[in-house]
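Since the structure comes first, as structure tokens, the remarks are kept for the end.
The values are calculated or read from the model by the stated rules, or taken from the named source; none is laboratory data. Values in this document were obtained by computation on a predicted structure and should not be read as measured data. Here the Cβ positions follow ideal geometry from the backbone for every residue, glycine too, while neighbour counts run over all protein chains shown.
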Amino acid sequence: MKQLDKVFKHVIVSYIVVVGALIGFLTAITAILLYISGDPTFSFFTHWVSHLGVGPNGSSVVFNGGMVYSGIISWIYSLYLAGYLHKKGAVKFLTAISLGCGIILGIGLLLIGIFPLELIFGIHNVAAGLFFYGGMFSCIIYGITAYLTPGISKLQSIIGFSIASVFLIYIVVNSLPLNISFKMAAEWAVFFAIPTWILSQGILILRSNYTRL
């Protein structure tokens, strides 16, 4: 019975992660729609992600609040993922690194919401860096850990590496003398990559939990 209780608790946390990621998506989409209603020129090729943080028509409030919320969800997800990896017998130091990267990612999201683009530019840039590198290395380390752990589906590893490749593409795009529109689009791809990763992993882990019931 104790084992069954543990499984049900794990399922509940899985739902929290999945629903949390979905809400993160919805707040971002809502902020975009509010921005467009106040400024129809908005597009993924003409605006940076950070523009939402100072956008018109209440989009800034929704976006910044969503970032703070997403930071908290990222922490919950990181702790949840670390517990999942530990239970599956993953390499301990890789699990610890994965947890650390996830915490850094959450701090970045939280600070982006607290310090919008035009409020304190330096802190905003640091926050964006924490989000970017915390997210990229979270995906890479988790992908490696999942691949090396027999009890974890290799699909989870593949998704981790796939999401990490979005970050690497962003780095390549920004290092090339391309039109700024491509760099903006690449940044948006990175922005949506993290909730996609959290949502997909949450669903896969939730599915694996149900197969044990």
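Scanning the stretch 43-57 for residues that are in contact with a Gly (Cβ under 8 Å, 6 or more places away or on another chain) and either surrounded by fewer than 20 Cβ atoms within 10 Å (Cβ to Cβ) or modelled with pLDDT of 95 or more (or both) yields a total of 2.
Restricting the search to the stretch 84-113, which residues are in contact with a helix residue (DSSP H, G or I) (Cβ under 8 Å, 6 or more places away or on another chain), more than 17 Å from Tyr147 (Cα to Cα) and either surrounded by fewer than 21 Cβ atoms within 10 Å (Cβ to Cβ) or hydrophobic (A, V, I, L, M, F, W, C) (or both)?
Of all residues in the stretch 84-113, those in contact with a helix residue (DSSP H, G or I) (Cβ under 8 Å, 6 or more places away or on another chain) come to 84-86, 90-92, 94-99, 101-113.
Retained after the next criterion (residues that are more than 17 Å from Tyr147 (Cα to Cα)): 101-113.
Those that are in contact with a helix residue (DSSP H, G or I) (Cβ under 8 Å, 6 or more places away or on another chain), more than 17 Å from Tyr147 (Cα to Cα) and either surrounded by fewer than 21 Cβ atoms within 10 Å (Cβ to Cβ) or hydrophobic (A, V, I, L, M, F, W, C) (or both): Cys101, Ile103, Ile104, Leu105, Ile107, Leu109, Leu110, Leu111, Ile112, Gly113.
Given the structure, is Trp188 within 19 Å of Ile73 (Cβ to Cβ) and not aliphatic (A, V, I, L, M)? So Trp188 fails the test. Sub-8 Å Cβ pairs linking a first residue in the stretch 15-34 that is over 10 Å from Pro195 (Cα atoms) to a second residue that is modelled with pLDDT under 85 and surrounded by fewer than 21 Cβ atoms within 10 Å (Cβ to Cβ), at least 6 apart or interchain, are Tyr15/Leu206, ordered by first then second residue. Being under 25 Å from Gln156 (Cβ atoms) and assigned to a helix (DSSP H, G or I) is a property that Gly129 lacks. From the residues in the stretch 157-193 that are hydrophobic (A, V, I, L, M, F, W, C) and touching a Ser or Thr at 6+ places or on another chain (Cβ under 8 Å), which one is surrounded by the most Cβ atoms within 10 Å (Cβ to Cβ)? Out of the qualifying residues, it is Ile163. If only residues of the stretch 139-156 that are polar (S, T, N, Q) and part of a helix (DSSP H, G or I) are counted, the one that is surrounded by the fewest Cβ atoms within 10 Å (Cβ to Cβ) is Gln156. Residue count for the stretch 194-213 satisfying the condition of being exposed (fewer than 13 other Cβ atoms within 10 Å of the Cβ) and in a helix (DSSP H, G or I): 2. Based on this model, can you work out whether Tyr170 counts as aromatic (Phe, Trp, Tyr), in contact with a helix residue (DSSP H, G or I) (Cβ under 7 Å, 6 or more places away or on another chain), assigned to a helix (DSSP H, G or I) and closer than 17 Å to His86 by Cβ? Taking the combined requirement at face value, the residue does not satisfy it.
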